[in-house]
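Let me begin by presenting the structure, written as structure tokens, before commenting on it.
The values are calculated or read from the model by the stated rules, or taken from the named source; none is laboratory data. If you're wondering where the values come from, they're calculated on a predicted model, not measured in any experiment. Don't worry about glycine lacking a Cβ; one is built from the backbone with ideal geometry, like all the others, and counts go over all protein chains shown.
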Amino acid sequence: MQFLIASTFQDSLVRLQPGEQSAAKIAAIEMQMNPAHPGLQMHRLDRAKDRNFWSARVSDDLRLILHRTETSCLLCYVDHHDPAYAWAERRKLTVHPTTGAAQMVVLKETVQQIIVREYVSEARPKSAKLLPLLANANPGRTAWVWHSRRLAGCCTAGNGRERTGYCDRAARRGA
């Protein structure tokens, strides 16, 4: 099996603390000596776009991200758990169409909201007429549709319940 180290691995290794760097280097050597080492706890990344991305455990929090095929193992990235997995989810290793070189492609996912407008025509029969509000109201009376206790008993039947109709008292008081 061919063992390779990507420049992205070297760049990510430099950003770690010195103790974390040495642990990542030891894990990389263990990977090279025995890829099936049980301490690495390797597993395939489920949410990665590239199905060949795997994770190897360096410590409780540090993870090596590698690209494994049948013939090669490429160390791609090292970081703490969540940032390392997020890095792998956004990348894919492809072959350049012109040069044939391997290239790491950063995938950007965009979410676009599409508004679908649905115009509904009124389903009213042509023969139906709209009645004006209070078309038959007597202009000398005040119409009411709700009850207010401030009217001091006006428009009630004495038991606090509303009555329907017109109120002559409100018109006489000038309300």
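Under the condition of being within 26 Å of Glu109 (Cα to Cα) and in contact (Cβ under 8 Å) with a residue 24 or more places away in the chain, which residue from segment 69-80 is surrounded by the most Cβ atoms within 10 Å (Cβ to Cβ)? The residue in question is Val78. Across segment 87-103, the number of residues qualifying as farther than 19 Å from Arg63 by Cα and either under 29 Å from the mean Cα position of the chain (by Cα) or polar (S, T, N, Q) (or both) comes to 4.
Is it the case that His37 is at pLDDT below 90 and closer than 28 Å to Pro18 by Cβ? Spelling it out, His37 is indeed at pLDDT below 90 and closer than 28 Å to Pro18 by Cβ.
Close Cβ contacts (under 6 Å, 6 or more residues apart or on different chains) running from residues in segment 41-62 that are under 23 Å from Gln103 (Cα atoms) to residues that are polar (S, T, N, Q) and assigned to a loop (DSSP other than H, G, I, E, B) comprise Asn52/Thr69. Of all residues in segment 9-32, one or more are touching a residue at least 60 places away in the same chain (Cβ under 8 Å), touching a Leu at 6+ places or on another chain (Cβ under 7 Å) and hydrophobic (A, V, I, L, M, F, W, C). The residue that is surrounded by the most Cβ atoms within 10 Å (Cβ to Cβ), counting only those in segment 17-56 that are of a type in the set (Asp, Glu) and not in a helix (DSSP H, G or I), is Asp50.
Would you confirm whether or not segment 14-35 contains a residue that is within 28 Å of the chain's Cα centre (by Cα) and among the aliphatic types (A, V, I, L, M)? Taking every residue of segment 14-35 in turn, none turns out to be within 28 Å of the chain's Cα centre (by Cα) and among the aliphatic types (A, V, I, L, M).
State all residues of segment 74-102 that are within 15 Å of Thr8 (Cβ to Cβ) and assigned to a strand (DSSP E or B); if no residue qualifies, say none. Answer for segment 74-102, where residues must be within 15 Å of Thr8 (Cβ to Cβ) and assigned to a strand (DSSP E or B): Leu74, Leu75, Cys76, Tyr77, Val78, Asp79, Arg91, Lys92, Leu93, Thr94, Ala102.
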